[in-house]
Structure formats: C-alpha cells, structure tokens
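**Student:** Let me begin by handing over the structure; questions about it come next.
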C-alpha cells in the first residue's frame, strides 16, 4: 500500500550504465505489522509494497508502473519492470531487466521529486523472458526462461 496523496509522479532515467532511476513517492521505514485481514485485490499483478502483508494492485505498461494512484517510470524504453522481495525484508520493490540480460535491483521506492538509483546491478542473466520466482528462502528471484 502506498502512503500519501494520489499524485502522478514523473520520473527520469539516466542512460549511463547502472545509473537507472525511479522517481515517485512511497513512505519509507520498517515494514508494518501484518493486519488481521487484507482488502481483496483482484488484479492479475499484485505486490506488497509496504511490507504489511497485504497486496496492492499493480499495473505495468512498458517501463511505467502504477499502483494506488501513484505512477513510477523506471529505466528506459524496452526495459522490463518486475516486482519482488529481492532482499527478503517483506517489502516488494522493482527490478529492471534489460534486453541482453542486464538486471538492476532497487531496495526501496523513490520519494516524490527525487531520483533513486538502482541499489545493485544484479548478475548478468541470459537474454530471454524474465519472470519472478518465490524461493524457499523467502526471497524472490529473477530467472529467465
């Protein structure tokens, strides 16, 4: 779930190697305690963006991600945006998969008006169709089929 007003947020992407950015607004801080019940989410793509145990509806079109009135633009045209819990903290964050197998992982969400560079450059993967798999370790993993 995203904190703050439903505002469209514009983002920038630096084209330098490993200098991808996303610019929007989400509350930061430790994951929240799991609520007793979560509101139903019927969208095909869902993510727990704040670590409270409840999924939020997410839509991705090209390199633009939208959820609960917030809009995030990541990377550059042709990049694939994926969502997962890459660091096992209970909070889903984005990753970018670039044709040729480059992967860029984010460990947080950007604040409105501020660019957030990728936290790490993941391992080079094969060129193909990326997907997210949930591991037995509680982390999500990017694989290519």
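Derivation of every value follows stated rules applied to the coordinates shown; laboratory data play no part. Nothing here was measured: the structure is a model prediction, and the numbers come from that model. Glycine also receives a Cβ, built like all others from the backbone with ideal geometry; neighbour counts cover every protein chain displayed.
**Student:** Every residue in the stretch 125-140 that is in a loop (DSSP other than H, G, I, E, B), touching a strand residue (DSSP E or B) at 6+ places or on another chain (Cβ under 9 Å) and either under 16 Å from residue 81 (Cα atoms) or touching a residue at least 40 places away in the same chain (Cβ under 8 Å) (or both), please. Spell out the reasoning first.
**Tutor:** Initial filter on the stretch 125-140 (in a loop (DSSP other than H, G, I, E, B)): 125-129, 135-139.
Cutting the leftovers down to touching a strand residue (DSSP E or B) at 6+ places or on another chain (Cβ under 9 Å) gives us 125-129, 135, 139.
Listed by number, the residues that qualify are 125, 127, 128, 129, 139.
**Student:** Moving to a separate point now. Does residue 121 fit the bill of being without any contact (Cβ under 8 Å) to a residue 24 or more places away in the chain and either more than 16 Å from residue 48 (Cα to Cα) or surrounded by fewer than 16 Cβ atoms within 10 Å (Cβ to Cβ) (or both)?
**Tutor:** Values: without any contact (Cβ under 8 Å) to a residue 24 or more places away in the chain: no; either more than 16 Å from residue 48 (Cα to Cα) or surrounded by fewer than 16 Cβ atoms within 10 Å (Cβ to Cβ) (or both): yes.
Taking the combined requirement at face value, the residue does not satisfy it.
**Student:** Tell me, which residue of the stretch 64-78 that is free of Cβ contacts under 8 Å to residues at least 24 places away in the same chain and touching a strand residue (DSSP E or B) at 6+ places or on another chain (Cβ under 6 Å) is farthest from residue 126 (Cα to Cα)? First the steps, then the outcome.
**Tutor:** Within the stretch 64-78, the subset free of Cβ contacts under 8 Å to residues at least 24 places away in the same chain is 64, 66, 77-78.
Going one step further and asking which of them are touching a strand residue (DSSP E or B) at 6+ places or on another chain (Cβ under 6 Å), we end up with 64, 66.
Working: 64: 23, 66: 27 Å.
Among those that are free of Cβ contacts under 8 Å to residues at least 24 places away in the same chain and touching a strand residue (DSSP E or B) at 6+ places or on another chain (Cβ under 6 Å), it is 66.
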